[in-house]
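Report on one structure; see the data block that follows.
The values are calculated or read from the model by the stated rules, or taken from the named source; none is laboratory data. Keep in mind that what you see is a predicted model, and the values were worked out from it rather than measured. Methodologically, a virtual Cβ is constructed for each residue, glycine included, from the backbone with ideal geometry; neighbour enumeration extends over all protein chains shown. The protein model used for the area step is the full one, side chains on, heavy atoms only, and it has no ligands, DNA or RNA in it. Shrake-Rupley method; radii C 1.70, N 1.55, O 1.52, S 1.80 Å.
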Amino acid sequence: MAAWVPSDALGRRLLCGTEYGTVRYVGSVPPTAGIWLGVEWDDPQRGKHDGTYEGTQYFKCRHPKGGSFIRPNKANFGVDFLTAVKDRYAVNDERDVQHGTENTLVFGKKTVEFVGMDSIAEQQRQLNQLVDISVRECAVSHAGQKEEISRTCANIRHINLSKNLLSSWETVTAIASQVQNLETLNISENKMRFPSTSTSVSGAFSKLRILALNQTEIMWAEVLLCAPGWPALEELYLTSNNITVLERPDNVLQTLKLLDLSDNQLLDGNQLHLIAHLPRLEQLILRNTGISSMHFPDAGFGCKTKMFPSLKRLAINDNKISQWSSINELDKLPSLRSLQCHNNPFMDTEKNPETLRQLIIAKIGQLEVLNKSEILPAERKGAELDYRKIFGNDWLAAGGNWNPEKNKPSEEFLAAHPRYPSLCLKYGAPEEGELKGRQPLTLKNQLLTLTIKCPEKPEQKPVEKKLPESMTIQRVKGLLYRLLKIPGSELKLSYKSSKLEGKEVELDNDLKPLQFYSIENGDCVLVRW
């Protein structure tokens, strides 16, 4: 007896053992008899050829050895949604009817027991209570009978349908249309067809807030064609889809708060300008997108851009950003509070990770979290004061001046250090004494050995530390926050010296170095808060 082949087999997804593939041909392959399925495999290693056999091309593959032929009886075309739910949640109607024996129904970690013929009604009641359903890797390929899902599982709100056999967006819509209050949908890892022209808007996704379409081969243009059907969408995940170009979303995605485009090799950073006016976008994830620069040309030095007006959290890890100018540009984002930027070439320009962190903090004024680590007010102040001092001589050389009337730093300087004028307004221009190069000394002579004590915590043992005499009080405080694990309160420092017969001297100016206070080796620094 010949194996059954679905009438719509062409283009459908299938499983053969553990291997996933797409049917590209249905028919005979002479000189053999019978029907064959030409399959393009997700894993090209499973294939043998590109769809050409004995000189005849039956179908095409992306990979030269990504295809092969199988008999229909080897193909698993999957099950409907409800069958998968019952299998996953240990419901099997036939077994219950025939045997009427003791059964159990598992919901997550909860096991419900019931006995005999009443079990079917009990199972139905339990299925109706399901809110969060996962049928990942359950070979779901179609919706099943009309209205059956809504009759059986009326309270579903969250569905994980990832890595199944969904072949088209229409199938997803057919399932979703039976779930009245659907809020979260994950259909990642289903290679499927999406509409190529605008379609009538279905109400299936009217309450959908979170949608994951990772590894589905969707293009941005197709996202925009489907988007009118997502009027309440807040989070959209589109990783690993070979998206290279973006288009401006007109009257769609206006409710979006989070967009993840990671692992798509975008053509260039300018693609981001096309999505820069999504009014509510708060989080943008661009890990490994190949971008080498970011710029917002509508705003000048020290001004805020009109692009990404609500963007609070940005992830640009694992990219090709090599110039500090892109970090300067991020200060133009009016709402930016959190940045992740690990693994970019610009970070290799500074070997000391602490200095690198300080530079980024000083360049982006409103940042509160950097690479998942909170920026405390003391750390920000220290970073900005150091930045103002480090580049002070460059500022003078470029036309900067303590006299406001003569202060005209060059365009080049402002391009490299756009926040410098605002740091001078905040802390005052750097004093001449701060910028004078000191005579070179050996490192041994520069270090002071000091004892650190906390009078308010007598149980804490004194700590001995070697500190450079050029270290500012501000940086000493930053070190002590970390060393003593003190919460973010304001530290008060003073010191005692054997030469001063027990008298305490307050270290009250954050901008001054230790040497300003004539601290010497062996002196004791007292920490209070």
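Within region 491-507, take every residue that is out of contact with any helix residue (DSSP H, G or I) (no Cβ under 8 Å at 6 or more places or on another chain) and part of a loop (DSSP other than H, G, I, E, B) and give me the one that is farthest from SER373 (Cα to Cα). Walk me through how you get there before you give the answer.
As a first pass, look at region 491-507 and keep what is out of contact with any helix residue (DSSP H, G or I) (no Cβ under 8 Å at 6 or more places or on another chain): 492, 494, 496-504, 506.
Add one more test, that the residue is part of a loop (DSSP other than H, G, I, E, B), and what stays is 497, 501-503.
Details: SER497: 37, GLU501: 43, GLY502: 40, LYS503: 39 Å.
Here the answer is GLU501.
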Filter result for SER206 (of a type outside the set (Phe, Trp, Tyr), farther than 29 Å from GLY17 by Cα and without any contact (Cβ under 8 Å) to a residue 24 or more places away in the chain): no
Selection count, region 47-62, where residues are open to solvent by 80 Å² or more (accessible area, probe 1.4 Å) and either β-branched (Val, Ile, Thr) or farther than 19 Å from ILE35 by Cβ (or both): 2
Criterion: in contact with a Leu (Cβ under 9 Å, 6 or more places away or on another chain), open to solvent by 40 Å² or more (accessible area, probe 1.4 Å) and either touching a residue at least 12 places away in the same chain (Cβ under 8 Å) or of a type in the set (Val, Ile, Thr) (or both) - qualifying residue of LEU526, LEU511, LEU493: LEU511
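Would you mind finding the one in SER202, SER206 that is open to solvent by 10 Å² or more (accessible area, probe 1.4 Å), within 30 Å of HIS142 (Cα to Cα), modelled with pLDDT under 95 and of a type in the set (Ser, Thr, Tyr)?
Working: SER206 fails: modelled with pLDDT under 95.
So the residue among SER202, SER206 that is open to solvent by 10 Å² or more (accessible area, probe 1.4 Å), within 30 Å of HIS142 (Cα to Cα), modelled with pLDDT under 95 and of a type in the set (Ser, Thr, Tyr) is SER202.
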Selection count where residues are part of a strand (DSSP E or B) and open to solvent by 60 Å² or more (accessible area, probe 1.4 Å), scope region 304-327: 1
Flag for LEU213 being more than 30 Å from ALA9 (Cβ to Cβ), of a type in the set (A, V, I, L, M) and without any contact (Cβ under 8 Å) to a residue 60 or more places away in the chain: no
Evaluation of PHE205 against (1) farther than 30 Å from VAL39 by Cα; (2) out of contact with any Gly (no Cβ under 7 Å at 6 or more places or on another chain) (one fails), failing number: (2)
Answer residue from region 364-412, given it is aromatic (Phe, Trp, Tyr) and not in a helix (DSSP H, G or I) and is most open to solvent (accessible area, probe 1.4 Å) among those: TRP402
Single match in PRO279, PRO195, PRO249, PRO231 (criterion: open to solvent by 60 Å² or more (accessible area, probe 1.4 Å) and either in contact (Cβ under 8 Å) with a residue 24 or more places away in the chain or under 24 Å from HIS342 (Cβ atoms) (or both)): PRO231
Of all residues in region 328-363 being among the charged types (D, E, K, R) and in a helix (DSSP H, G or I), the one that is most open to solvent (accessible area, probe 1.4 Å): ASP348
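Check whether at least one residue in region 366-373 is of a type in the set (A, V, I, L, M), over 22 Å from CYS303 (Cβ atoms) and modelled with pLDDT of 95 or more, and report yes or no.
yes
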Output for region 133-151, where each listed residue is open to solvent by 40 Å² or more (accessible area, probe 1.4 Å) and either over 20 Å from GLU183 (Cα atoms) or in contact (Cβ under 8 Å) with a residue 60 or more places away in the chain (or both): GLU137, HIS142, GLN145, LYS146, GLU148
